[in-house]
Every structure is written in C-alpha cells, then in structure tokens.
Amino acid sequence: MDKKILVNCDSRATRVAIVENGKLVELYIERPLQHRVVGNLYKGIVANVLPGMQAAFVDIGLEKNAFLYVDDIFIEDHDENLPPPRAAIDKLLKVGEEIMVQVIKEPFGSKGARVTGQITLPGRYLVLVPGADYVGVSRRIESQVERERLRREAEKLRPEKLGLIVRTVAEGADREVLEQDLHFLVQLWHRITQRFQQKTAPAVIYQDLALTCRIARDFFVEDFSAFLIDNEHEYEKVREILDYISPHLKSKVKLYRDSQPIFERYDVEREIEKALEGQVWLKSGGYLVFDETEALTVVDVNTGRYIGRRNLADTILRTNLEAAEEIARQIRLRDIGGIIIIDFIDMNLEEHRQKVLDKLNECIKHDRTKTYVLGLTSLGLVEMTRKKVRQDLAAVLQQPCPYCNGAGRVLTPLVVSARVERDLKNILQRERCQAVLVEMHPEVAAIIIGSGGGNLKKLEEDLGKHIFIRGDADVHIEKYRIVAKGNLKEIEALAFPVAAGDVLEVLIEEPHSLHPSHGIARLKGYVINVENAGEKVGQELRVEITEVSRTSARAVVLDTVKCG
C-alpha cells in the first residue's frame, strides 16, 4: 500500500491529509485561533460536584467548564484509609479543590471538554502513565513474540510509580531507543509537576505539539513513502523533531515546491468536497447515503445504477462488499464518532452476510480511532461504535444553514408561492398605492404569474391593484421583498427589465407550452418568448425585443451566439 502524508499551510489553517493508494482517508485541520486542546494538561479548580451524576465540572480556563466523570479521577497511593476508586464523587472531590486534569475530548457544541485525572504523556515509542504500576503493549503489534520482548524491555526500564504503554511504532525498536524516549518523557513529567506547583489555577501547564509535529511523532513510520510539506518553516520543524525521534526517516520528508497547490495536485480538494456530501457514489454504480445526528449516524446502501451480470444475490453481495470498504474509508475521513448504523442491502444467504461483516472488520483495522463492529441486529442492520475525540469533518468545515436552521431542507416553490400570495393579500389590502413591485426567486415568480399571466391577473383583481413580479436568483427561495410602491407609471418604469428595440443575449430554456415552435428564455424571472426558437433549447441566441407586456416580452432571433 502506497501511503503519503501531505501538508498544506497558509495563514488561515494547517491541513494534513493522509493518502492511501491515491485516496484521501484522513484529514486533520488546525487553525491559529482554534487550537486543539485534546492532550493538554491543566491545573483546574473544581467548580461543581454533582453526586446525582457521579461527575464534577472543573474550571480549566476555557469558555465552558470541563466535565470529569468519577471513574476518571486519579487516586494516588490508594489504601484502606482512602475512599475506594468507585466511591461517591463528593467523597473524592470538593468545590474549590485544585487538581491536575488532561483533556481527552474536545468541546462539542454546547458541551465543554471531557477531562481525566489519569494522565498520559505520548512520546515516539512509549506513553508515560504517571501514578500507574503496569506495562501495556499496543494490540496493533500482531507478533506475540515481539509483544513479549517489548514488554520485558519496558518492565526493565519502567521507573517506580510510572506506568508505560509501548506504542505500535516501537515494533523492532531496541532497548537504547526506548530508553532515550523514556528519559525525555520523565524529564517532561518533572517539568509539568513543577509548573503545577508554580501556576495559579486555572492554567494550562502543558500543551501538546502543533499539528504537523504531532503527525510526525504519532503517524510517520517506515511504511509511508513520502511526507510532503508546502511550507518551509513547517518542513524544518518536522526535520528537527525527526532528528530526535527517527533520523532514518528524514530522507522521506520533502519540501513541496510545485506551482500547482499540493492538495490539488493529489486530488485532495475534490475528495474533501465529496466528503461533505450526503451521497457517495460507488464505482459499480451503487451509492451510499449518510445521515448524521449529534450522537448517531445512519448509512444506507443502495444498488443505484448497478444491475449486475449474474443474479440478484450476486449483485447485492458485490454492492455490499464495495460499500463496506467505502464506508470504512468515509468514517475515517469524515471522523464520524458515536453510534453508527449501516443498512446494507438485504442478503438472504448467511454466507454472504458473513463475507460483508468480515470485509468491514478487515477495513476498519486501518483506523487509528477505536472502532468496533458489534454485528447484525435482529432487523438486519450492522451496528458499529467509534470513539468520538474531536469534531467531525462536517462540523469543522460547515455551519448550520441560516435559512433552514440546520434541517437541510427548504420549502418547495409551490408552498412558498402560496405563502407569498397570502402575505401580499394581507399587506396590500391595507395599502392605498396603485401598484407594487415585488422581487422573489424565479421559480416562485413563475408560479405566482401562472401560465399566460392568468394567476397574477386573478390576484390583481382580488386586490384591486397592479402587481409587478420580478424574479431574482439571488433571493432565497423562501423569501421575497416588496421593492417599491406607488402609482402605475412609476412602478412600470421600474418593473420592466427590457424595452422594445433592446438587443440581448439569452439562453433558450424550453419550448413554449402552447406554441412549441417558439422558445422560452428568462431574464430575472421575466419571460421572453422568442419566435421560431423552439428547437434551439440549450443554445444562446442574440435576440431583439419586439413587444413588451406586464409578464412577458416577445423577441425575434438575430443570430446564434458563438461560445468559447
């Protein structure tokens, strides 16, 4: 598998893309004004203790107080004279008490950060766990012999009252390398404890590395073919940290100098845009639909255009296998956390169901975030869980729609037109003006005007006023605005977008419904009936206006506009 790390830096953000076999699988973004806080250590003050929730809120100096659950409280030198680890939280913490905590989950929406009192300090090969009395080895190291070797080496190195976890990257590392990493982490821990004594709470006492250096420390290993960075300062920082942690990898770090932006060169920008869409097409012609809420994500699998070559069961199996692979990639890329429900296409054969589950389990092995496939439910749905550590990609790159309030839907033009008509009746019945000019979305304008202007004529008769409708694609489809009120001549002068004798370039959108030999063009929703243009749909024509009326104009073709 060809794997690359691509880094794009500018004044607005640092973006890191992990690419596997030419496909974007992970994206990390860090902005100067929005530093991540996961991994940071704080000297905090207990603000509230909630016995009913077995939790506390801790002021760590952020906008919202952090949440600390009872099981995450660190208890040092536990003996019979101290409360047991699962004692009531009001026996463990008091309001106003100063404690050291580490952020394990970013703030989300209205929720503050999640913190723990059980500190972990990551190095290149080891993770230091102050106060612990054990050695752990990464489960991603598959060789049992190597796992046992690393465990023995770590046990020999481990200082008293300091636990160690051996990271995946330590596979094959000798004792000297581990010892060097441990020395750095022990010195770092001593500096943190000194800062805790010196600082006034609430205060940050340790900040994790910036994004690019963190990627170099945690992700960059021998199986990556390249680490490309388009910023010289970040390039030098990465080479500097590799001098200490993995000098043999420095040759793979390159400064990207091409004129074409790095994310465009490797097709990352387009993949990011696709990752923000609700629908994902598969190569076979099937597609996935992602529907996300705060705590639950549903993925629906559909055959789409794929009809297969053999039989229905084979078609469904092939679609589901392809979907399983793409779902695993999309979950990593979108950084979806919480509960995930997958509605694969129904399979009648148990053998096929197992193949799809095996494929999904195989693909999620590449995910660094803890992910579990829980199996099929009685309804034939696949349940998954994935640890939620930070905001997902959509939350980082998008905001709630100010028009639909985050619902992702807007009213249809037909519904909006009825609402606008009701509003106009309520407003204009109280007005003494002769005429009004109203602007709205062209699709809504077309419905209110009606075929041949019949609907607008009836509305005018009901109200006893002249109503001029002007379409504007820049107006939100659910909105409208009354531009002007006054006498008929004043409003007429404002309302007509064209006059007899005007020469325009127009796009023929459709044939005339009653006279198919004529074509219809629109200018800000205003209909232009072009004679003898019914067979020129999709073409741009140069026309001359011959006649103007309230709701439409007539025109003749002068010539065809040559594009490009």
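The values are calculated or read from the model by the stated rules, or taken from the named source; none is laboratory data. Remember, predicted model here, so these are calculated numbers, not experimental data. Here the Cβ is made from the backbone with ideal geometry for all residues, glycine too, and neighbour counts use every protein chain on show. These accessible areas exclude ligands, DNA and RNA; they are computed on the full protein's heavy atoms, side chains included. Shrake-Rupley method; radii C 1.70, N 1.55, O 1.52, S 1.80 Å.
Our compactness index for segment 250-362, the C-alpha radius of gyration over the empirical 2.2 N^0.38 Å, is 1.29.
The label-point distance for Leu255 and Glu20, in a model that sets each label 7 Å from Cα toward Cβ, rounds to 3.2 nm.
The gain in end-to-end length when the Lys425 to Ala88 segment is fully stretched comes to 114.8 nm, 0.36 nm per residue minus the alpha carbon separation. Compared with the rule-of-thumb size 2.2 N^0.38 Å for a compact globular protein, segment 360-512 has a Cα radius of gyration ratio of 1.71. Couplings 3J(HN,Hα) for segment 471-483, derived from phi with the Karplus relation 6.51 cos²θ - 1.76 cosθ + 1.60 (θ = phi - 60°), are x, 9, 5, 7, 7, 4, 4, 8, 10, 8, 8, 7, 7 Hz, where x marks Gly and Pro.
Rounded, prolate or oblate: pick one for the chain, where a ≥ b ≥ c are the square roots of the eigenvalues of its C-alpha gyration tensor, a/c under 1.5 means rounded, and failing that, prolate if a/b is larger than b/c, else oblate. Prolate. The figure for Val38 is an accessible area of roughly 20 square angstrom, using a 1.4 Å probe on the protein chains alone.
Note on Glu142 and Glu222: the extension gain reaches 27.1 nm, defined as 0.36 nm multiplied by sequence separation minus the Cα-Cα distance. Straight-distance candidates among the lysines for linking to Lys465, with alpha-carbon spacing under 17 Å and chain neighbours fewer than 8 residues away dropped: Lys425, Lys457, Lys485, Lys489. Rounded to the nearest whole Hz, the Karplus-based 3J(HN,Hα) values (6.51 cos²θ - 1.76 cosθ + 1.60, θ = phi - 60°) of segment 184-201 follow the sequence 4, 5, 5, 4, 4, 5, 4, 5, 5, 5, 5, 5, 4, 6, 8, 7, 9, 6, with x at glycine and proline. Kindly identify segment 1-64 as rounded, prolate or oblate by the Cα gyration tensor criterion: order the square roots of the eigenvalues as a ≥ b ≥ c, call it rounded if a/c is under 1.5, otherwise compare a/b with b/c, prolate if a/b is larger, else oblate. In terms of gyration-tensor shape, prolate. Rounded to the nearest 10 degrees, the angle from helix 454-463 to the longest Cα principal axis of the chain is 80 degrees. Length gained on full extension, Asp502 to Gln187, computed as 0.36 nm times the residue gap minus the Cα-Cα distance: 105.3 nm.
The loop-placed trypsin sites (Lys or Arg not before Pro) in segment 382-416, going by DSSP, that have at most 10 neighbouring Cβ atoms within 10 Å of their Cβ come out as Arg409. Carbon-plus-sulfur accessible fraction, the chain (probe radius 1.4 Å, protein heavy atoms only): 48%. Amide H contacts for Asn40 (H built 1.01 Å from N in the peptide plane; partners 5 or more residues away or on another chain; cut-off under 5 Å): Val103, Asp208.
Only helical runs count toward this figure. For the chain, summing -39,500 (n - 2.57) over DSSP H runs of n ≥ 4 and dividing by all residues gives -8500 deg cm²/dmol at 222 nm. In order along segment 351-358, phi translates into HN-Hα couplings of 4, 5, 4, 5, 4, 5, 4, 4 Hz, rounded to whole numbers, per the Karplus curve 6.51 cos²θ - 1.76 cosθ + 1.60 with θ = phi - 60° and x for Gly and Pro. Taking the average, over residues, of other Cβ atoms within 10 Å as the packing measure, peptides 286-297, 183-194 rank 286-297, 183-194 from highest down. Accessible surface calculations at 1.4 Å, restricted to protein heavy atoms, place the chain at 54 Å² per residue. The calculated FRET efficiency for the pair His512 and Cys404, based on their C-beta separation and a Förster distance of 30 Å, comes to about 0.30. How would you classify segment 100-240 from its alpha-carbon gyration tensor, with a ≥ b ≥ c the square roots of the eigenvalues: rounded for a/c under 1.5, else prolate if a/b is greater than b/c, otherwise oblate? Oblate, since a/c reaches 1.5 and b/c is not below a/b.
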